[in-house]
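The structure under discussion appears below in the form of C-alpha cells.
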Amino acid sequence: LTLLAERWLRHLRRIPGALRRRDKWLDIFACIFGILGACALVILASANDRDFPTVHWSFTAVFVVCIAISALCQTIEIWFLKQDHVERKHLRRNAIIKWIIVGTAVAAAIAFVGTYATCAGQPDNQPLSGRCDRIKSVAAVLEWLIALLYGVYLMTFGLDLWPARKTRGR
C-alpha cells in the first residue's frame, strides 16, 4: 500500500514526481513487484516449513526476489528523481540511505543462501553436527538481519512521503 500511496502522491505532484518515462516505469515496476512480494509473503506465512517445506521455501524465494526487485526499482527511481529535482536535498539523502539498506540486505541474503544451503541436506530426525549447528545459527542471524533491514527499508518510505505534509489542503 505504501508504494501505491507514494505513486499516487507523485502523480498528484504532492511529492517530487517523475519527469521522465523511465522514472514512471521504475515506479510502476516497484509497485508490481511489491504487490507480488506481499502475496508471496501471505502464502509463505500460511505454509509452515515443517508441514509444507517446498511451498514455504519456494514462496520465501519469490518474496525475497520480488521485494529485492521492487526495492532496487524504487531506489533507482529516487536516485534519478534527485537528478531531476536538484533543489530537493532530501531525495539525495533518501537515495543514499536506501542504497545502503538495499545493498546490505542483498549481501545478507546471498550470505544466508550460502550458509543455509551448506547443511540443508541434513535429516530432520538426527541432531546436527557441531559445524552444521554453528552454520545454521549464522544463517538464522542473517535471516533476522534481513527481516530487520526490511523493516528499516519500509520506514524509509516515511522519509519519502514526509514532503507531502507541506502540500496538505492544496
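The values are calculated or read from the model by the stated rules, or taken from the named source; none is laboratory data. No experiment lies behind these values; they were computed from the predicted model shown. Cβ sites come from the backbone with ideal geometry, for glycine too, and all protein chains shown count toward neighbours.
For the stretch 117-125, indicate whether the set of residues that are surrounded by fewer than 16 Cβ atoms within 10 Å (Cβ to Cβ), part of a helix (DSSP H, G or I) and free of Cβ contacts under 8 Å to residues at least 60 places away in the same chain is non-empty. Yes, there is a match, as at least one residue in the stretch 117-125 is surrounded by fewer than 16 Cβ atoms within 10 Å (Cβ to Cβ), part of a helix (DSSP H, G or I) and free of Cβ contacts under 8 Å to residues at least 60 places away in the same chain.
For the stretch 10-26, a residue qualifies if it is buried (at least 17 other Cβ atoms within 10 Å of the Cβ), in a helix (DSSP H, G or I) and either modelled with pLDDT of 85 or more or among the small types (Gly, Ala, Ser) (or both), and exactly one does: Leu26.
Taken together, Ala40, Ala109 contain a single residue that is of a type in the set (Gly, Ala, Ser), surrounded by 15 or more Cβ atoms within 10 Å (Cβ to Cβ) and within 12 Å of the chain's Cα centre (by Cα), which is Ala109.
The requirement of being out of contact with any Pro (no Cβ under 7 Å at 6 or more places or on another chain), of a type in the set (A, V, I, L, M) and under 20 Å from Ser58 (Cβ atoms) is fulfilled nowhere in the stretch 125-136; no residue meets it. Does Ile96 satisfy the criteria of being assigned to a helix (DSSP H, G or I), touching a helix residue (DSSP H, G or I) at 6+ places or on another chain (Cβ under 6 Å) and of a type in the set (Val, Ile, Thr)? Against the criterion (assigned to a helix (DSSP H, G or I), touching a helix residue (DSSP H, G or I) at 6+ places or on another chain (Cβ under 6 Å) and of a type in the set (Val, Ile, Thr)), Ile96 does not qualify. Take the conditions (1) touching a Leu at 6+ places or on another chain (Cβ under 9 Å); (2) modelled with pLDDT under 90; Leu1 misses just one of them, which is (1). Of the residues Leu128, Leu81, the single one that is hydrophobic (A, V, I, L, M, F, W, C) and part of a helix (DSSP H, G or I) is Leu81.
Selection of first residues in the stretch 37-51 that are among the charged types (D, E, K, R) and of second residues that are surrounded by 15 or more Cβ atoms within 10 Å (Cβ to Cβ), restricted to Cβ pairs under 8 Å at least 6 apart or on distinct chains, gives the following pairs, ordered by first then second residue: Asp49/His56; Asp49/Trp57.
Just to be sure, is Leu142 at pLDDT 85 or above, in contact with a helix residue (DSSP H, G or I) (Cβ under 6 Å, 6 or more places away or on another chain) and either outside any helix (DSSP H, G or I) or surrounded by 15 or more Cβ atoms within 10 Å (Cβ to Cβ) (or both)? It is true that Leu142 is at pLDDT 85 or above, in contact with a helix residue (DSSP H, G or I) (Cβ under 6 Å, 6 or more places away or on another chain) and either outside any helix (DSSP H, G or I) or surrounded by 15 or more Cβ atoms within 10 Å (Cβ to Cβ) (or both). Applying the criterion of being surrounded by fewer than 18 Cβ atoms within 10 Å (Cβ to Cβ) and under 10 Å from the mean Cα position of the chain (by Cα) to the residues of the stretch 56-74, the residue that is farthest from Ile28 (Cα to Cα) is Val65. Residues of the stretch 89-108 include at least one that is closer than 23 Å to Cys39 by Cα, modelled with pLDDT of 85 or more and of a type in the set (Gly, Ala, Ser). Restricting the search to the stretch 78-106, which residues are surrounded by 16 or more Cβ atoms within 10 Å (Cβ to Cβ), in contact (Cβ under 8 Å) with a residue 60 or more places away in the chain and under 25 Å from Ala147 (Cα atoms)? Listed by number, the residues that qualify are Ile78, Leu91, Asn94, Ile97.
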